[in-house]
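Worksheet: the structure to be examined is printed underneath.
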Amino acid sequence: MADAGVQGVLPDLPPGVEAVQRGDVLFLLNHGTDTARVPLPGPATDLLTGSATGDQVTLAPQAVAALTSEIRS
């Protein structure tokens with residue numbers, strides 16, 4: 001992506017983690033086999049669990065989070 005001059009939704013994602021913005025929701029997908037900690041630019045709420053986040057979210061292997069629009073790219 002860097003060679004093409006394209007920046008992702010969130011910088012510095014851990015290996016195996018994908019971030020996709022769809023409207024007001026940021027989806028985080030951990031495709032890896034290890035737990036991943038993803039830094040966030042601010043607090044959010046995971047729409048799937050109702051859990052509030054701080055400045056990061058922890059994703060178990062193969063886990064998904066759908067964060068509220070408090071997180072903007």
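Readers should treat all values here as calculations from the given coordinates under stated rules, not as data from a laboratory. Here the structure is a predicted model, which means the values were calculated and not measured.
Quick one: divide the alpha-carbon radius of gyration of the chain by 2.2 N^0.38 Å and tell me what you get. Provide the component values of the computation, followed by the final result.
Working: Rg = 11.7 Å, N = 73, 2.2 N^0.38 = 11.2 Å.
Here the answer is 1.05, to two decimals.
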| message | Per residue of the range 40-53, what does 6.51 cos²θ - 1.76 cosθ + 1.60 with θ = phi - 60° give for ³J(HN,Hα)? Whole Hz please, x for Gly and Pro, Karplus curve as stated. | response | 10, x, x, x, 8, 10, 7, 5, 7, 10, x, 6, 7, 10
